[in-house]
Amino acid sequence: MREYKIKGEAHKVYEDSNEKPKGIKIKTDWRKANVGDWVEADDGNVVQILRAGEMLNKGRYLQRYVGTCTGTYLCSKKSKMDTERRKNIYSFGGDKTHYDSVKGRKDITQQEAIFAKFISLGVPPIDAYKRAFNTEKEQYAKVRSGVLLKTERVRRAVSEELDKVFDELSISLRYLIRKAKDEVDDDESRASDRLTALKMLWEAKGVVKKEKTTQVTGAVFRGFEGNQIEEIKVHRIENKGETDGEIEE
């Protein structure tokens, strides 16, 4: 549940069904709601209609609109109502949404840090968001988790959590490269499965660019021919090289 104050009065946005007070009747079509009605927005959350009216649309016809504690919306078939707080709740454009604030924030919040922790442990983004932010809204969690994963602060937090896991398991850059080399050197081993797993580690650690890793694993699945083994042995990872079988740190 979220709460916003308008002229000193608190207005709520209910995000989970168990939050809603008993006895509230909810209209599923917010376009036909009146002032005082509780409606289900297109993002699945429940909010109250606080104002309604009509305006001359493009100077041609009257268009009805409704307003909530999060914004103002035209009652047209193409219009969508969400419950993200606008910078200007009385403007149809709204200037900036809550999404803009989320994207622009520099410091990570406690809930975002928990979300990053779950992601680092392999929890799917939607489930990670639902657990971190205590919501059961599937679509809402899908959208919001996608937004968070695009922000620099959350990506950095996930990377830091992954670094902790790598350190606990003693998985270093040196270890990854040496394991890959050992696997390629072993003619009796099926390199494909091992290199696929190492590819995942490489990507998580941020060591090898995706296209380079895909190029190596693709060669393994097709089978090595001619001098391909030697080519992979001398394969250079960006800014790293080999000297007499040792990896320079």
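What to note about this one:
- Test: residue in the stretch 201-216 that is in contact with a helix residue (DSSP H, G or I) (Cβ under 7 Å, 6 or more places away or on another chain), modelled with pLDDT of 75 or more, under 28 Å from F118 (Cβ atoms) and not in a loop (DSSP other than H, G, I, E, B): no
- Condition met for E168 (within 25 Å of I126 (Cβ to Cβ) and within 27 Å of the chain's Cα centre (by Cα)): no
- Y140 meets the conditions (1) under 30 Å from K5 (Cβ atoms); (2) at pLDDT 85 or above; (3) of a type in the set (F, W, Y) in every case but one. The failed one is (2).
Conditions tested, residue by residue: (1) within 27 Å of E138 (Cβ to Cβ); (2) hydroxyl-bearing (S, T, Y).
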{"site": "E15", "(1), (2)": "yes, no"}
{"site": "P21", "(1), (2)": "yes, no"}
{"site": "I26", "(1), (2)": "yes, no"}
{"site": "W30", "(1), (2)": "yes, no"}
{"site": "D43", "(1), (2)": "yes, no"}
{"site": "V47", "(1), (2)": "yes, no"}
{"site": "R51", "(1), (2)": "no, no"}
{"site": "V66", "(1), (2)": "yes, no"}
{"site": "T70", "(1), (2)": "yes, yes"}
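- Counting only helices (runs of 4 or more DSSP H) that fall entirely inside the stretch 67-184 and contain at least 2 residues that are touching a helix residue (DSSP H, G or I) at 6+ places or on another chain (Cβ under 8 Å) and among the polar types (S, T, N, Q), the qualifying elements are 110-120.
- Checking each residue in the stretch 138-157 for being crowded, with 19+ Cβ neighbours inside 10 Å and not polar (S, T, N, Q) picks out Y140, A141, R144, L148, V154, A157.
The values are calculated or read from the model by the stated rules, or taken from the named source; none is laboratory data. On a predicted model such as this, the values are computed, not experimentally measured, just so you know. Neighbour counts run over all protein chains shown; Cβ positions are idealised from the backbone, glycine included.
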